[in-house]
Each structure stands twice: as structure tokens, then as C-alpha cells.
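Here is the structure we will look at.
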Amino acid sequence: MEQIETIVKHKIVLFSKNKCAACERAKEVLKEKNMDYEVMTIEEHEEYIMQKARESRNAQMPFCEINGKVYNAQNTMEIINYIKQRESVEKNE
């Protein structure tokens with residue numbers, strides 16, 4: 001988790017698509033935590049996102065890029081869940 005803690009301090013590019021429940025959850029958490037992030041939807045940036053998906057061998061949404069490193073959908077959701085859990089811990093302290 002220490003690696004994820006470092007990751008969440010940096011700008012995130014979230015690769016997303018419209019009408020995707022997991023993508024919406026990821027955006028909600030990032031927004032709630034005032035994270036510095038940018039959303040790129042496949043509907044608006046298909047060629048670029050498909051290139052990133054091929055390079056990272058990623059076939060699911062959402063996935064993200066943090067400081068130039070692409071994380072697959074599973075790792076992206078782990079990062080998002082970690083951010084959410086930190087919020088719960090901070091409230092209980």
C-alpha cells in the first residue's frame with residue numbers, strides 16, 4: 001500500500017467511457033478527494049486511448065496513467081478503493 005500512497009499524490013489521467021459504472025465510481029472518488037486528475041473518454045479520444053490500451057495490454061475501463069505509467073483496470077480500482085478507505089480511516093481518527 002505504500003506504493004499506492006505515493007501514487008495518489010500525483011496527477012492522474014483517467015481513461016474512461018460513457019455509461020460505465022466503474023468509471024463513474026472512480027471519477028466520484030477522485031472528485032470527492034479533490035485529486036488532481038483529468039478524464040479522457042474513449043468517445044472523444046478513441047485513437048489515443050486505444051494506443052494506450054494496446055501498449056499496456058489493457059482491455060477494460062477505467063484505467064489510468066500516473067506520472068507516465070499506465071495502470072490496468074484492476075490496479076486503477078485498487079487505487080480508487082485505497083483512496084476511499086483512507087477517507088474512512090481519516091474520519092474515524
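The values are calculated or read from the model by the stated rules, or taken from the named source; none is laboratory data. On a predicted model such as this, the values are computed, not experimentally measured, just so you know. When we count neighbours, we look across all protein chains shown, and the Cβ atoms used for this are built from the backbone with ideal geometry, even at glycine. We work out accessible area using only protein heavy atoms, side chains counted, and drop any ligands, DNA or RNA first. Shrake-Rupley method; radii C 1.70, N 1.55, O 1.52, S 1.80 Å.
Please list 3J(HN,Hα) in residue order for region 34-43, calculated via the Karplus relation 6.51 cos²θ - 1.76 cosθ + 1.60 where θ = phi - 60°; whole Hz, with x for glycine and proline.
Computed from phi, the couplings for region 34-43 are 6, 6, 7, 9, 10, 10, 10, 8, 5, 5 Hz.
Can you compute the modelled spin-label distance between ALA59 and GLU24, with each label point 7 Å from Cα toward Cβ, in nm?
Spacing of the two 7 Å Cα→Cβ label points: 2.5 nm.
Pull up the cross-link candidates among the lysines for LYS11, meaning alpha carbon to alpha carbon under 19 Å and not fewer than 8 places away within one chain.
Answer for LYS11, where 19 Å is the Cα cut-off: LYS27, LYS31, LYS33, LYS52, LYS69, LYS84, listed by chain and number.
Let me cross-check LYS31: its accessible surface, 1.4 Å probe, with only protein heavy atoms counted, in Å² to the nearest 10?
Approximately 140 Å² for this residue.
Going from most exposed to least, what order do GLU55, GLU78 have by accessible area with a 1.4 Å probe?
Accessible-area ranking of GLU55, GLU78, largest first: GLU55, GLU78.
How much length would be gained if the chain were fully extended between LYS11 and HIS45, taking 0.36 nm per residue of separation minus their Cα-Cα distance, in nm to one decimal? Numbers along the way, then the final one.
Values: separation 34, 0.36 × 34 = 12.24 nm, distance 1.89 nm.
Roughly 10.4 nm would be gained on extension.
Can you give me the long-range amide H partners of PHE63? Hydrogens built in the peptide plane at 1.01 Å from N, cutoff under 5 Å, separation of 5 or more residues or another chain.
The list, which skips near neighbours in sequence, is PHE15.
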